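**Student:** Attaching a single structure in structure tokens format; questions to follow.
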Amino acid sequence: MVIRVALSGAAGNIGYALLPLLASGYVFGSNAVELRLLEIPQAVGSLTGTKMELMDCSFPCLTDVIITTDPLVAFNNADVIILVGGMPRRKGMARKDLIQANTKIFSSMGKAIEEVASSNVKVLVVANPANTNCLVALTEASKIPTKNFCALTYLDHQRAKGQIATRLGVSANSIKNVTIWGNHSETQYPDALSGGYCVAKDGTKVPLSEMLANDIDWATTDFIYDVQNRGKAVIEARGLSSAMSAAQATADCLRTWLVTGTKTGETISMAVYNDQGYYGVKEGIVFSFPCECRNGEWFVKEGLQLSDFSRNKLNITEAELVEEMAAAHELIGTSPAPVKIRTVSMSTCSSGLSLATTATESDMSSVCLTSRM
């Protein structure tokens, strides 16, 4: 089985860090991988050098590398599409202008996915504003199940784990079930207390609400602020955006979603299409929730008890996403009503099995080669 993986913005810093993870077997295991690298014409020369490096690595799983400036070529029968290329916010640019500039890009991406991708393609949106970019793409790709789309908040999830681990003096891997609620923006709500726990050395699961009982002020102020603004802090420190961590989070999100699944009782944060009004959040937006993954699908974990503080935080990030959706719909010409949930029988998918079972050019001209995370 050859997994056809398309990556937009492939010549950027995130793409450069991500490609070895896709080609080496880290994400898709021993499955053969064909990479389709989508870029603007000005970046093809640089991307040719990246292709040479991929060949020089002699990855055993990598069967071919295709460079193209045409989404219809990159997405043709693709099994996995990772959308990293997008328009970054420029100095003096209003947020609505940013939303609408990316809406044009992701509308064209969605239409290309609709036209040529596998009917069971899985799409991960990384480029900001990731949630609304994802919503635009899935709206345009009407034949693809809405559950096959996701926007990346796993980077924020990992940032939250790192902050808590540092605070408690434990390993980041021992921190489980923190949640990023809402938008991948400064309104996101990093939540350590509604179900989060730490696995002690003896295997005991200790609720973070107990471990942070004397540190609640930090958990509800500085912790939230630091995670919300971590990307900005990285840029200020290194002069460049979070390419390495964004690439790693993208790879880990794909692997967990499509290949390994989550362990029993564990969740990760994924921004997904809210077709059920989970936790009272408005239907029809892409919102980050705690998710379990099984057999190549995500499932929102329901039943967490949220405090009034948490409810207020969800309302704030929901309001921003509703505003973003309205700005996007001004361009794509559809009313901001919920997209009808779409499903597809696994027996009709062109790829046959979920990955988990096998453990126009002018539109692209404004795509930036890097996406600030």
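**Student:** Suppose we take every Cα in segment 274-324 and form the convex hull; what volume per residue is that in Å³?
**Tutor:** 76 Å³
**Student:** In debye, nearest 20: dipole of segment 127-262 around its Cα centre with unit charges on the Cβ of K, R (+) and D, E (-)? All intermediate terms of the calculation are to be shown ahead of the outcome.
**Tutor:** Numbers: 12 positive and 12 negative charges, 99 e Å.
Roughly 480 debye for segment 127-262.
**Student:** I've got another one for you. Going by average Cβ neighbours within 10 Å, how do the peptides 256-266, 182-192 rank, with the highest at the top? Could the numbers behind the result be given before it?
**Tutor:** Working: 256-266: 17.2, 182-192: 25.1.
The densest-packed peptide leads the list: 182-192, 256-266.
**Student:** Another one. Taking +1 at the Cβ of each Lys and Arg and -1 at the Cβ of each Asp and Glu, which of Gly261, Leu152, Val286 sits farthest along the dipole of the chain towards its positive end, judged by Cα position relative to the Cα centre?
**Tutor:** Selected residue: Gly261.
**Student:** To continue, here is another question. Whole-Hz ³J(HN,Hα) for each residue in segment 261-267, computed from phi via Karplus 6.51 cos²θ - 1.76 cosθ + 1.60 with θ = phi - 60°, x for glycine and proline: what do you get?
**Tutor:** My calculation for segment 261-267 gives x, 8, 5, 3, x, 9, 10 Hz in order.
**Student:** Okay, next question. Please list 174-180, 289-295, 132-138 highest first by mean number of surrounding beta-carbon atoms within 10 Å per residue.
**Tutor:** Those peptides, ordered most packed to least, come out 132-138, 174-180, 289-295.
**Student:** Once ligands and nucleic acids are excluded and a 1.4 Å probe is used, how much of Leu331 is accessible, expressed in Å² to the nearest 10?
**Tutor:** For Leu331, solvent-accessible area is about 80 Å².
**Student:** Give me a comma-separated list of calculated 3J(HN,Hα) values for segment 306-312, in order, Karplus coefficients 6.51, -1.76, 1.60 applied at θ = phi - 60°, integers in Hz, x for any Gly or Pro.
**Tutor:** Karplus-based 3J(HN,Hα) across segment 306-312 equals 9, 6, 4, 4, 5, 4, 5 Hz.
**Student:** Longer than 18 Å from Cα to Cα, which of Lys176/Lys301; Lys147/Lys263; Lys232/Lys301; Lys263/Lys313; Lys111/Lys282; Lys122/Lys282 are they? Say none if no pair is.
**Tutor:** Result: Lys147/Lys263; Lys232/Lys301; Lys263/Lys313; Lys111/Lys282; Lys122/Lys282 exceed 18 Å.
**Student:** Taking a cut-off of 13 Å, what percent of all Cα-Cα pairs in segment 194-236 are separated by more than that?
**Tutor:** That tail contains 64 percent of the Cα-Cα pairs.
**Student:** Report, in cubic angstrom per residue, the convex hull volume of the C-alpha atoms of the chain.
**Tutor:** Per-residue hull volume (Cα only) is 137 Å³.
The values are calculated or read from the model by the stated rules, or taken from the named source; none is laboratory data. Source: prediction; values computed, not measured. Positions of Cβ are backbone-derived with ideal geometry, glycine not excepted, and every protein chain shown enters the neighbour counts. SASA here: full protein model, heavy atoms, side chains in, ligands and nucleic acids out. Shrake-Rupley method; radii C 1.70, N 1.55, O 1.52, S 1.80 Å.
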